[in-house]
Every structure is written in structure tokens, then in C-alpha cells.
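So the structure is just underneath, and the comments pick up after that.
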Amino acid sequence: MIRWIFKYLVLIFVFCAVAGLSTYFTLSFFIQSEDTVLVPDLTGKNAVAALETLSALELNTRVGAKQYSTEVPEYHVIAQKPAPGRSIKVNREVSLVISRGPSTVTVPDVKNQELDQARMTLEQKGLTAGTVTRVYDANTPRRRIMAQHPAPKDGVQRSSPVNLLVSAGPRPKAYMMPDLRDKFLDEAMLSIESHQISLEELKSVHDPSKPENTVTGQAPPPGYRVEAGAPVRLIINRRPGSRQAGRDEKKPLFSHRLAPGFLKQRVRLEMSGFGAHMVLYEGLMDPGAVIWAIVPEHTEAAVFLYVNGQLVESKIYN
């Protein structure tokens with residue numbers, strides 16, 4: 001009985017051994033029958049060229065890491081895995097380490113460049129624009145770089161900021177803010193134009209003790225130093241819902257006919273309302289032409305018409 005069992009176990013062992021060896025040799029045959037290629041040497045090659053080489057050999061590319069290197073140029077291969085000369089099957093992956101270039105870069109000279117161009121130049125070198133300081137300078141065009149820090153040709157770490165001194169152009173003319181109080185609106189607007197400042201906002205309040213359509217408040221205050229183009233806010237004396245003297249319009253419509261003549265006239269129509277001052281129209285018009293504008297109802301606004309730079313009509317709406 002024991003002998004029979006022993007023979008049975010031996011048969012089982014022999015069967016398993018034969019099956020295992022058969023499986024091993026079968027798998028080895030199929031595996032070895034797959035196409036294999038030798039891994040090329042990609043060290044020092046441009047990343048694009050390395051990708052093309054691997055693709056031609058039916059190998060896949062993976063960027064394993066990016067490292068700074070003073071010896072290998074930027075976007076070139078520093079190392080690879082598997083190593084060159086290894087035999088691997090097609091469609092396998094080759095991992096590459098790509099160079100970021102040196103960790104330090106030379107600061108380019110951006111002096112006299114326009115600000116946007118200077119920013120692009122710095123980005124191309126791996127740097128950023130730092131603090132931008134603007135100063136008036138009559139000899140340097142507006143938005144041009146006057147100076148920089150760090151200086152050109154200095155070596156700095158990548159991504160370092162470069163601070164820029166930028167020209168704001170010639171300094172605007174400065175004026176003493178005129179006293180517009182108690183002046184009629186037309187007079188105040190003429191004074192604003194002559195000082196090259198602009199109306200930003202027009203509000204109205206009612207004071208029975210003062211004439212209508214006169215200025216009761218202003219900002220900046222009289223005597224304040226203002227530069228050309230500075231915004232001005234006015235408060236005029238106006239009864240709510242009232243109309244301009246001598247006017248009884250039922251519709252919020254502004255219209256004006258230009259004087260007859262032979263030459264075209266430059267016309268600018270402005271409106272102050274909604275807490276802002278805006279230009280409705282600016283351009284050349286024929287003599288005798290009519291310009292008009294619709295003013296939103298139930299809106300406190302003022303319309304100003306300039307012809308050849310001169311204020312010729314103003315109108316207030318409530």
C-alpha cells in the first residue's frame with residue numbers, strides 16, 4: 001500500500017516538473033520572439049532630437065526630471081535610463097533627465113526698451129520684472145526704461161526680479177486751482193478749460209440765498225496745486241426739477257445748430273452725469289449742421305458743447 005502511494009507521488013512530481021518546464025520554455029520562446037532594440041545614447045542631445053530618435057525606434061519617452069546644469073545646455077539631455085547599449089523591447093519607456101541650463105543667468109540690458117518689451121526680454125532670460133518705479137523725465141519717451149537693478153551683465157539666480165525705473169514722460173504743467181465759487185456754470189467751465197483741467201463730476205444742491213446755476217462748492221479747493229488733466233468736482237446751486245432760465249423743454253433733448261460758414265468745425269459734446277464726465281461726440285462737422293443728444297430722463301446731468309475748442313453752450317437737466 002505504501003509503495004503504491006509513493007509511486008503515485010512520484011508520478012505527480014514528474015508531471016508538475018514537466019508542465020513547469022514546458023511553460024517556462026513556451027513563455028521564453030514567445031518573449032524572445034518579440035522585437036528588441038538597442039537603447040541609443042541620447043546624452044547631450046536636444047530634447048526634440050531625442051524624442052524623434054526614440055520615436056523612430058518605437059520607444060516611448062518620459063521626462064523623469066529637470067535639473068540645472070552648467071555643462072549641459074538648456075533643454076538638452078543630462079542622463080537617461082536604461083543606459084545606452086541596453087537591449088529592450090519596442091514600446092518600452094526611456095526616462096530622460098532634461099537640463100534647465102545654469103542656475104544663474106546674466107541680466108540683459110533693457111535700458112531704452114519700452115516697458116512691455118523689457119518684460120518680454122527678462123522673461124526670455126528666465127527673470128521677472130520687479131518693482132516698476134515711474135518718474136517724470138523730459139528727455140526720455142514715456143514708458144521707456146531709464147535704469148535697472150541689478151545692472152546689465154550681473155549674474156543672478158533664475159526667476160530673480162529686476163527692478164525698473166520707467167519714464168512717465170515730461171512733467172505735466174501745474175496750475176493753481178482757480179476759485180470757481182459764486183461763478184455761473186458757463187464761466188466756471190471756461191476757467192476749467194483755460195487751466196487744462198477737466199470736469200469729473202457735477203452735483204447740485206439748492207440754496208435759496210444764492211443765484212441759480214452758480215458754483216457753491218469745488219474740489220480741489222481754490223489755491224490747490226493741480227496738474228494739467230486733473231479731475232475737478234463741482235457743486236452748483238440748482239432747484240430740484242427746475243429748468244434753465246429761458247428754457248422750457250418738455251423732453252430731455254439737447255440740440256444745437258452750428259453757425260454757417262465755409263470750413264468744417266471741430267465739435268466736442270460732453271456730458272456730466274451718473275457721477276462721471278464723458279465725451280459723447282468729438283469730430284468735424286459741416287457748417288450749419290445740427291448736433292443733438294438724448295439725455296436720460298429723471299437724471300441730474302449737464303451737457304457742454306465746444307466748437308473749435310471754445311465752450312459755446314451748456315445746459316443743465318434735472
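What to note about this one:
- In range of the label at Asn139: residues from segment 163-193 whose backbone nitrogen is under 17 Å from the point 7 Å along Cα→Cβ: 165-171
- Using the Karplus relation 6.51 cos²θ - 1.76 cosθ + 1.60 with θ = phi - 60°, the per-residue 3J(HN,Hα) values for segment 213-223 come to 6, 10, 7, 10, x, 8, 8, x, x, x, x Hz, with x marking Gly and Pro.
- Rounded if a/c under 1.5, otherwise prolate or oblate - segment 33-102, Cα gyration tensor axes: prolate
- Paramagnetic label zone (point 7 Å from Cα along Cα-to-C-beta, Thr106; backbone N under 17 Å) in segment 46-74: 70-74
Throughout, read-outs are computed from the coordinates displayed, never taken from laboratory work. It should be emphasised that the depicted structure is a prediction, and the values quoted were computed from it without experimental measurement. Positions of Cβ are backbone-derived with ideal geometry, glycine not excepted, and every protein chain shown enters the neighbour counts.
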